[in-house]
1. Rounded to the nearest 0.05, what FRET efficiency is calculated for residue 471 and residue 176 with R0 set to 56 Å and r the Cβ-Cβ distance?
2. Set the Förster distance to 56 Å, then compute FRET efficiency between residue 332 and residue 67 from the Cβ-Cβ distance, nearest 0.05.
3. Can you order the peptides 271-278, 11-18 by their average number of other Cβ atoms within 10 Å per residue, highest first?
4. Would you mind computing, in nm to one decimal, how far apart the modelled labels at residue 100 and residue 84 are, each placed 7 Å from Cα along Cα→Cβ?
5. For 45, 54, 159, what ranking results if the residue with the fewest other Cβ atoms within 10 Å of its Cβ goes first?
6. So if the hydrodynamic radius of region 377-502 is defined as the Kirkwood radius over C-alpha pairs, what does Stokes-Einstein give as its diffusion coefficient at 37 °C and 0.692 mPa s, in µm² per second?
7. For an R0 of 30 angstrom, estimate the FRET efficiency from the Cβ-Cβ distance between residue 53 and residue 168 and round to the nearest 0.05.
8. How long are the three semi-axes of the equivalent ellipsoid for the chain, computed from the Cα gyration tensor as the root of 5 times each eigenvalue, in whole Å, largest first?
Ligand SMILES: Nc1ncnc2c1ncn2[C@@H]1O[C@H](COP(=O)(O)OP(=O)(O)OP(=O)(O)O)[C@@H](O)[C@H]1O
């Protein structure tokens, strides 16, 4: 298949607001792929190449100079072969080799094909919205029930392979996809309530647990082999040897655990979230040691536990992790639950997560089975641009332009971002230095003292609330926004939405 057909399909998908029409277009494309084209083509559709991260920055890409082709001749297989070359180019002279591959590709591509290829190579413009539609399209194209496709995608964490299985082998092969120790699955996510009482009203009998402000980890142990993965399934095993050591000692041959990790200071108080994330990003180990708290178990010694109720999973979890268990209490009494929250806050944690005891582990889904309650309002927003600082901050990129996600395109492009405020508060010198370098590498243009950037960086912002704003396109502006920390573990497609912020406005009927 020609790459141009993928470009045309994606254009069609963007041009229509109808979900059904999007599914039709994608399903039609999928049915026309040859078996060996399915995985590469799906990778191109969702900007997640089959070869994994290609490790090419925006700067390298925008440095490619080429005269594009007038007519479309590039095949999906040609692009896939070029990606193989990019992924395997390493060692000395690799930069030149990669640039040569990119230049050849850019010359063979038409301008619109190169637009798409850049986004695929960069690998970060994934819109969660498209992945959902694509799952429906895979179901349609392979005449398989939607839930069967979704389940396989969740458990394998691999949309490309799910599409290939669905289209070439059918529902039985999909149903046979199970958990595999060593292959991470998307974590279960929480919804939000404003009080513990409200949360327990929804959940009924629940495990009310501390919500630690660290980083999510999924841990896989197979004998002595241990793998540690982030919220976005990045493998960070080599960066966290102290966690690997702890997991090795657990009394289980095969186990998959879900938890949170955090660094404590000498008084056992949690260190700032930034310190934990610094460990995740660092190539070298630092003095700050992490420790784990586990709150769920997905698999134990040959038995998948996903579909068991939390009450059963907790009992099994406790027998495996002992002292590394997340603190919490099982109760259906709102007062007892509220007391856990007070205790968690007093110990310096963020709040609590209230989890229905009957609920299974819903991998990759955000639902009412887990409800987080945090007294400080924090939102994960996307940096759209940054202003150059002045005075003491001269020469640093400082004031961040913050955007909320607009999945339905109510205030702009569907899947785009709507600006809701700015802040330069809460930035340490070290963060200023880091963000200047980081955002210059993501630069897409400059205007009036600000650098606009590719909207891929998620930052956690604390606010006192929101107010109506005639100036911002979403009609809402943040009040007293300050930076809590960057969220390299969160993709922009999962940032908070403009709807979530507008819901904070008093008296807005949506
Ligand atoms: N006891 C706990 N149970 C579940 N998650 C916990 C717990 N303690 C801390 N967490 C963290 O809280 C998050 C739950 O909120 P959510 O599923 O919305 O993830 P998130 O989008 O990363 O949210 P947040 O930014 O609030 O951490 C988990 O991803 C995990 O990192």
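Bear in mind these aren't lab numbers, they're just calculated from the coordinates by the rules spelled out. Source: prediction; values computed, not measured. Using ideal geometry, Cβ is built from the backbone for each residue, glycine included, and neighbour counts are taken over all protein chains shown.
1. Values: r = 55 Å, r/R0 = 0.98.
Computed FRET efficiency for residue 471 and residue 176: 0.55.
2. Numbers: r = 69 Å, r/R0 = 1.23.
Computed FRET efficiency for residue 332 and residue 67 comes out at 0.25.
3. Numbers: 271-278: 18.5, 11-18: 13.2.
Final packing ranking: 271-278, 11-18.
4. 1.8 nm
5. Details: 45 26, 54 18, 159 21.
Arranged by neighbour count, lowest to highest, 45, 54, 159 become 54, 159, 45.
6. On the way: Rh = 14.4 Å.
My calculation gives 228 µm²/s for D.
7. Working: r = 26 Å, r/R0 = 0.87.
The pair residue 53/residue 168 has a calculated efficiency of 0.70.
8. On the way: eigenvalues 256, 175, 116 Å².
Semi-axes from the Cα gyration tensor: 36, 30, 24 Å.
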